[in-house]
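The next block holds one structure in the form of structure tokens; read it before the comments.
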Amino acid sequence: MPHVVDCKITAHQEAGRGHYRMALRAPEIAAEASPGQFCMIEVRPGYHPFLRRPMSIERIFADGISLLYKVEGEGTRLLSGLAVGQSISVQGPLGKPFPVDAAWERPILVAGGIGVAPFPGLAEAIIRKTGRVPEVVLAARNDAMILCKKDFERMGCRVTLATDDGSAGRKGFASDALAELAPGPGAVVYACGPMPMMYSVHEVCAAAGVTCYASLEAFMACGDGVCMGCVVEANVEIEAERMVRVCADGPVFDTTIIDWTAQRARTGARP
Ligand SMILES: Cc1cc2nc3c(=O)[nH]c(=O)nc-3n(C[C@H](O)[C@H](O)[C@H](O)COP(=O)(O)OP(=O)(O)OC[C@H]3O[C@@H](n4cnc5c(N)ncnc54)[C@H](O)[C@@H]3O)c2cc1C
Ligand code: FES
């Protein structure tokens, strides 16, 4: 059951160029949250900006949560200007989390840019619940945009880097790095990043017969399943529609239920 609570900011630091990590005191949300779920953040009280902004829960603590975000536009710019001790209204936890199952012997997390946000918490949950340490692929435009590498290394994760310009790790895409790791029987892949990255990761997984869960992005208004503003085309019918709501049916989906041909057409990429 999502809560709407005023949460005090307990820490707020730069986490990389144009990226910030914010810790919030939110015991009610932390008590019910799981990795992969998100919150709707009111970046400023009042009517401007009008809509709350969706943010993944990065990590879950006994008395609160952290967010990891990139400054994109006005909402996240306003968020970045808030100081420790101020409060913001947070609605959450929302959406469906990443499934975690000890039967999967080889969990692999694949992140593109700020898509890494839900993965520190997911890696912690996988280690705690299954005793397995996930492998991690971090992809970004360049070295300066790689986030959370040290956090994963501290957990014992083997981290593979991929950058567009080759300034860290292999030159290439997240899906290329994943293909080199050769996921096979017993593997499960968790992906979060831009849509083109996620369908490439889906294709690698589909070719290898590996289950892949992706946390999708969409513009959101209500965040809890009412407005239908966040729908994406699906291969399955839910309530007579071949559409799923990213906020309520996701944001985490088994990638086989997403209509990737429609997503590719929508984002202007070759179907
Ligand atoms: C379920 C979910 C979880 C998310 N988790 C995170 C997170 O953990 N960290 C983080 O930094 N961001 C996350 N996002 C994206 C974040 O919500 C947007 O970047 C943010 O709302 C932008 O708000 P703004 O006012 O700064 O930018 P706006 O002024 O609203 O937009 C600025 C630019 O960002 C683009 N944009 C805005 N919203 C989105 C969106 N939802 N998806 C893709 N592009 C968008 C716009 O096209 C525009 O180019 C998440 C989105 C979803 C749907
Ligand atoms: S944002 Fe309103 S239904 Fe998803």
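Please grab the % of Cα pairs in the stretch 41-181 that end up more than 21 Å from each other.
Numbers: 4957 of 9870 pairs.
That fraction is 50 percent.
Please report the relative contact order for the stretch 125-176, taking Cα pairs under 8 Å with a sequence separation of at least 6, and give it as a percent rounded to a whole number.
Details: 80 pairs, mean separation 16.8, N = 52.
Here the relative contact order equals 32 percent.
List the trypsin sites (Lys or Arg not before Pro) within the stretch 1-64 that fall in a DSSP loop (any state other than H, G, I, E or B) and whose Cβ has at most 13 other Cβ atoms within 10 Å.
Details: sites: K8, R17, R21, R25, R52, R59; in loops: R17, R52.
Sparse-neighbourhood loop trypsin sites (Lys or Arg not before Pro): R17.
Report the relative contact order of the chain, percent, no decimals, based on alpha-carbon pairs under 8 angstrom and at least 6 residues apart.
Numbers: 629 pairs, mean separation 42.7, N = 271.
Rounded, it is 16 percent for the chain.
Just to be sure I understand the model, the point goes 7 Å from the Cα along the line to the Cβ. What's the resulting A102 to R242 distance in nm?
It works out to 4.1 nm between the two label points.
Counting only other residues whose beta carbon sits under 11 Å from that of M243, what net charge do I get with K and R as +1, D and E as -1? Walk me through the intermediate numbers first.
Working: positive: R242, R245; negative: E233, E237, E239, E241, D249, D259.
Value of the local net charge: -4.
How about the chain: what cysteines have no other cysteine beta carbon under 4.7 Å from their own?
Cysteines of the chain left without a disulfide-compatible partner: C7, C39, C148, C157, C192, C230, C247.
So what is the relative contact order of the stretch 106-216, in percent, for Cα pairs below 8 Å that sit 6 or more residues apart? Let's see the in-between values first.
Working: 219 pairs, mean separation 30.2, N = 111.
After rounding, I find 27 percent.
So which GluC sites (Glu not before Pro) in the stretch 1-110 end up in coil per DSSP with only 11 or fewer other C-beta atoms within 10 Å?
Details: sites: E14, E28, E32, E42, E58, E72, E74, E105; in loops: E58, E72, E105.
When the GluC sites (Glu not before Pro) of the stretch 1-110 are filtered for loop state and at most 11 Cβ neighbours within 10 Å, E72, E105 remain.
Among bridges DSSP assigns within the chain, what percent are antiparallel (round to 5)? Write out the running numbers ahead of the final one.
Working: 38 of 63 bridges.
That works out to approximately 60 percent antiparallel.
Please report how far the C-alpha centroid of the stretch 52-116 lies from that of the stretch 248-263, rounded to the nearest whole angstrom.
Cα centres, the stretch 52-116 to the stretch 248-263: 20 Å.
At 15 angstrom or more along the helix axis (alpha-carbon based) and mean Kyte-Doolittle of 0.0 or higher, what helices does the chain contain? Whole DSSP H runs only. Don't skip to the answer; put the middle values down first.
Details: long enough: 119-130 (16 Å, 0.38); 195-208 (20 Å, 0.83).
Helices passing the filter in the chain: 119-130, 195-208.
In the Gaussian network model of the chain, springs joining C-alpha atoms below 10 Å, which of H19, H48, H202 carries the largest mean-square fluctuation?
H48
Taking the alpha-carbon distance from K8 and a cut-off under 14 Å, which aspartates and glutamates remain once sequence neighbours fewer than 8 residues away in the same chain are dropped?
E28, E42, D63
When Rg is the radius of gyration of the Cα atoms in the chain and Rh is its Kirkwood radius, what does Rg/Rh come to? It would help to have the intermediate numbers written out before the result.
Values: Rg = 17.8 Å, Rh = 18.8 Å.
Checking Rg against Rh, the ratio lands at 0.94.
More than 25 Å apart: what percent of Cα pairs in the stretch 106-216 qualify?
Numbers: 642 of 6105 pairs.
The share of Cα pairs beyond 25 Å in the stretch 106-216 comes to 11 percent.
Counting only other residues whose beta carbon sits under 13 Å from that of D101, what net charge do I get with K and R as +1, D and E as -1?
+1
Within the set of other residues whose C-beta is less than 9 Å from the C-beta of P120, count the net charge using Lys and Arg as +1 and Asp and Glu as -1. All intermediate terms of the calculation are to be shown ahead of the outcome.
Values: positive: R59; negative: E58, E124, D151.
Local charge sum for P120: -2.
I need the P(r) histogram for the stretch 3-94: all alpha carbon pairs, bin width 10 Å from 0 out to the longest distance, whole percents.
18, 56, 25, 0
Between the stretch 7-47 and the stretch 201-224, what is the separation of their alpha carbon centroids in Å?
Answer, in whole Å: 23.
Please give me, ordered by residue number, the chymotrypsin sites (Phe, Trp or Tyr not before Pro) of the stretch 12-76 that lie in loop per DSSP and have at most 11 other Cβ atoms within 10 Å.
On the way: sites: Y20, F38, Y47, F50, F61, Y69; in loops: Y47, F50, F61.
Those satisfying the criteria are Y47, F50.
Taking the Cα centre of the chain as origin, work out the dipole magnitude from +1 charges on Lys and Arg Cβ and -1 charges on Asp and Glu Cβ, in debye rounded to 20.
So the magnitude is around 640 debye.
No value in this document is a laboratory result; all are computed from the given coordinates. Bear in mind that the values here come from a model prediction, so they are computed numbers and not experimental data. With ideal geometry, Cβ positions are generated from the backbone for all residues, glycine too; neighbour counts draw on all protein chains shown.
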